[in-house]
Amino acid sequence: MAMIEVKNVTKSFHVKRKDEATGKLVRSTLTVLKNFSVDFTQEGVTVLLGPSGTGKSTLLRCINGLETIDEGDIVVDGLSVRNRHSLKKIRLTCGMVFQQTVLFPHLDVMNNLTMSPIKLLHMTKREAEEKAKFYLDKVGLSSKEKAKHNELSGGEQQRIAIARALMMNPKALLLDEITSALDPEMTSEVLRILENLAAEGVCMLAVTHEMAFAQHVASRVLFMDKGALVCDATKDDFFTVYRKENERIANFLKFIGE
Amino acid sequence: MNVFDYSAYALFKWSDMRMILNATLLTIRVTLLSLAIGTALGLILGLIRCAKNRGLASLPLIIMEPLRNSPLIVQLFLVYYGLPSVGIRFDAYTAAILTLSLNTAAFFAVLVQSSIQSIPRAQWEAGYALGHNKVSVYIRVIAMQAFRLLIPQAITLYISQLQCSSLVSLVSLMDLTKAGQIVAQKTLLPFLVFGIVAAIYYIVSFPLARLSEYLERRTGFNY
């Protein structure tokens, strides 16, 4: 059974925009996901590709219950995101890391990692700290235990955010363009961590524009355009068959320099 | 009289100084009490202002706006001289505390609201994404950061309300300012007496300003 089932999801945002003719602000609806369906199993790395504004991030945010959906349903591990009471479990099942790093600035690195497991998973402080040390080691930042977020580089913050998500024992990680705000050097730091995690079998669902990451790590590639799924293929098929046959994908890959 | 004519200072007796010090205690009591009540009430109003429901969020404005947009002295007169004509009578002390509390609450509510709302949305989402519910995010993520933003502004408000408490002298309350007026008239030494009064206000405010600095350093972080 699929771990995450997205069934016929429609999601639109209400936006205000200036009407060209009258110059007045008018309300309009922007549909980001249209009758969208897809399944994710709990294995390997799935990469979501596609131009900006096609609903990739929105899809992740809907899965995690950060956005409500208008129609359809998303079922994570048997729980529907439409049920407010199952949101906590869903969020514990799917850890999420964002594009803009959001460590809690009032806490040091250690407390950033241990706060939630202690409060939500009822770990003792010692257990949580041991676990935090394990994951800090894994992301290569053992020495930064006591650092505050502004003493860390963007790449380091993002690695801490990954460790923080892993602290909650998620079955899958949702990664929302987590390297987009980083320079190439920091990006490679973060991607190296992700590659290691993928090699250890951590299931990931990643929105990214890093083709190298998609080519090295992904097992499955989804290509989205204008709120619809254009292609759902294994990585090898995507980079060989689809890039030749599908004009939209070929164009996208050409512009991204692949 | 010449300020530098020292023989005149003999008119200023120890009993006058005692009167001023007693009045200082009243000023401190009125200020502390109304700040405590005002802070508690303001916190509640401020939290309601942050509610998602627009109607609910605008309810506190009904009392906040009049209080913020009219002079404190007028509010004080309204409560002390105006309310008795509709049958509600307060003694000067109660009227002073009531007015100062409500006035503080109105301003404090705005500070609470702006501190909470200036925490980036991403902080909420990071909390939610880790599995916290709204209350938990409020307490563990938002409140901690909002508190840091609130401190310097709140203490500025407290200091200003301490100075404003001098207005209660106008409803016949024997506070520091009133005592200063009486002693100054009696001794004919206004420069000396109001100098002392001002110095006492300063001495009471100063620790508050230092407290603000200390708390900012203790809880300090930058975005």
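Nothing in this text is a laboratory measurement; each read-out follows from the coordinates by a stated rule. Bear in mind that the values here come from a model prediction, so they are computed numbers and not experimental data. Neighbour counts are summed over all protein chains in view; Cβ atoms, including those assigned to glycine, are modelled from backbone coordinates with ideal geometry.
Over segment A:12-92, the reciprocal of the mean inverse Cα-Cα separation, the Kirkwood hydrodynamic radius, stands at 14.8 Å. Looking at the square roots a ≥ b ≥ c of the eigenvalues of the Cα gyration tensor of segment B:152-196, which shape do they give, rounded for a/c under 1.5, prolate if a/b is larger than b/c, or oblate? Here segment B:152-196 falls in the oblate category. Annotation: extensible slack from A:Arg82 through A:Arg248 equals 56.4 nm (criterion: 0.36 nm per residue apart, minus Cα-Cα distance). Spin-label model, A:Ser219 to A:Asp39: label points 7 Å out along the Cα-to-beta-carbon direction sit 1.5 nm apart.
Using C-alpha pairs below 8 Å separated by at least 6 residues, the relative contact order for chain A is 24 percent.
Applying a DSSP loop filter and a limit of 14 other Cβ atoms within 10 Å to the trypsin sites (Lys or Arg not before Pro) in segment A:116-205 leaves A:Lys146. Taking the Cα centre of chain A as origin and assigning +1 to Lys and Arg Cβ atoms and -1 to Asp and Glu Cβ atoms, the resulting dipole is close to 940 debye. Inter-chain Cβ neighbour count for A:98-109, averaged per residue, equals 5 (cutoff 10 Å, partner chain atoms only). The mean number of partner chain beta-carbon atoms within 10 angstrom of a residue's beta-carbon across peptide A:145-157 is 1. Helices in chain B that qualify as membrane-span-like (whole DSSP H runs, Cα extent of at least 24 Å along the helix axis, mean Kyte-Doolittle hydropathy of 1.0 or higher) are B:14-49, B:92-117.
Would you please classify the overall shape of segment A:117-183 from the alpha carbon gyration tensor, given that a ≥ b ≥ c denote the square roots of the eigenvalues, rounded means a/c under 1.5, and beyond that prolate means a/b larger than b/c while oblate covers the rest? Oblate, because a/c is 1.5 or more while a/b does not exceed b/c. Of the DSSP beta bridges with both residues in the protein assembly as shown, give the percent that are antiparallel, rounding to the nearest 5. Rounded to the nearest five, the antiparallel share is 60 percent. Pairing the Cα long axis of helix A:154-166 with the longest principal axis of chain A, what angle in degrees results, from 0 to 90 and rounded to the nearest 10? Approximately 80 degrees, to the nearest ten. Loop-resident trypsin sites (Lys or Arg not before Pro) (DSSP state other than H, G, I, E or B) in segment B:8-86 with no more than 14 further Cβ atoms inside 10 Å of their Cβ: B:Lys13, B:Lys52.
Pairs of Cα atoms nearer than 8 Å and 6+ residues apart set the relative contact order; for chain B it is 27 percent.
In terms of its alpha-carbon gyration tensor, segment B:10-218 comes out oblate; a/c meets the 1.5 threshold, while b/c is at least as large as a/b. Taking label positions 7 Å along the Cα-Cβ direction at both A:Glu151 and A:Phe255, the computed distance is 4.3 nm, reported to one decimal.
A Cβ-based charge dipole, computed about the Cα centre of the protein assembly as shown with Lys and Arg at +1 and Asp and Glu at -1, lands at about 1360 debye. Rounded to the nearest 20, the size of the Cβ-charge dipole of chain B about its Cα centre is 560 debye, with Lys and Arg at +1 and Asp and Glu at -1. Charges on Cβ only, +1 for Lys and Arg, -1 for Asp and Glu, centred on the Cα centroid of segment B:10-218; of B:Tyr158, B:Thr99, B:Ser114, which one is farthest towards the dipole's positive end? Most positive-ward Cα: B:Ser114.
In sequence order, segment A:51-59 has phi-based couplings of x, 5, x, 9, x, 5, 5, 4, 4 Hz under the Karplus curve 6.51 cos²θ - 1.76 cosθ + 1.60, θ = phi - 60°, and Gly or Pro positions carry x. Taking a temperature of 37 °C and a viscosity of 0.692 mPa s, what whole-number D in µm²/s does Stokes-Einstein yield for the protein assembly as shown with Rh from Kirkwood over alpha carbon pairs? Once the numbers are plugged in, D ends up at 122 µm²/s. Helical content alone sets the calculated 222 nm signal of chain B at -23500 deg cm²/dmol, taking -39,500 (n - 2.57) per DSSP H segment of four or more residues and averaging over every residue. Computed over the Cα atoms of segment A:33-78, pair by distinct pair, the Kirkwood hydrodynamic radius stands at 11.9 angstrom. Where both residues lie in chain A, what percent of DSSP beta bridges are antiparallel, nearest 5? Taking every DSSP beta bridge within chain A, about 60 percent pair in antiparallel fashion. In this simple spin-label model, placing a label point 7 Å from the Cα along the Cα-to-Cβ direction at both B:Leu211 and B:Trp14 gives a separation of 3.2 nm.
Helix-only arithmetic for chain A: the sum of -39500 (n - 2.57) across DSSP H runs with n ≥ 4, divided by the residue total, places the mean residue ellipticity at 222 nm at -10000 deg cm²/dmol.
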